[in-house]
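This report concerns only the one structure given below.
All of the numbers you see were taken from the coordinates with simple rules; none came from a lab. No experiment lies behind these values; they were computed from the predicted model shown. No Cβ is skipped: glycine too gets one built from the backbone with ideal geometry, and neighbour counts run over all protein chains shown.
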Amino acid sequence: MEDERAQDGWEPLTRLAKRYAAVKAEVAAEFAKDRAVESGPDGGGAGGRGKRDARIVAASRVGAGVSHATLEKVVWLQQVTDDRSRPFPVRRAASGALERIDAGGSVDWVYTEVHALALTAELEAVAADETEDPLVRTVAGAGAAAARKAGARRLGSEA
């Protein structure tokens, strides 16, 4: 199936997102250079071009009609997959999400799932951190429990 889509010019969204991230970095560097030139050696200047967003420019340069917001979500999932500081279940969920996206799944849905899982894991880490303020630990633990319960309800199971 992917071979047929490739013949039609289709490119997996994860590959587009990697290219987008690289182009966005280049565009941001161009904008920084332009700002330095516009401000002049004394730091003043009119700053002529107005506010520009590297994300929007990069998304248009990458093409394919995919919004910068969608590409940012895919880039975030890619970063989570590679981030060894995150718990393995979060990295595994992000990796699975990327596979579902390339299979045609909804970016928003899988991003939301993984983002919720990542936030829950962060709350659990704060709750378990004995160096943290006891009130902060209690609130983080309650937040993590509420997030797990909400996730279980959404999936139709019991927490």
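At a glance:
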item: Sorted by Cβ density within 10 Å, fewest first, the residues Lys149, Lys73; result: Lys149, Lys73
item: Ranked list, fewest to most other Cβ atoms within 10 Å of each Cβ, for Phe88, Phe31; result: Phe88, Phe31
item: Rounded, prolate or oblate (a/c below 1.5 giving rounded, otherwise prolate when a/b exceeds b/c) for the stretch 60-159 by Cα gyration tensor; result: prolate
item: Relative exposure of Thr138, Thr70, judged by other C-beta atoms within 10 Å (fewest first); result: Thr138, Thr70
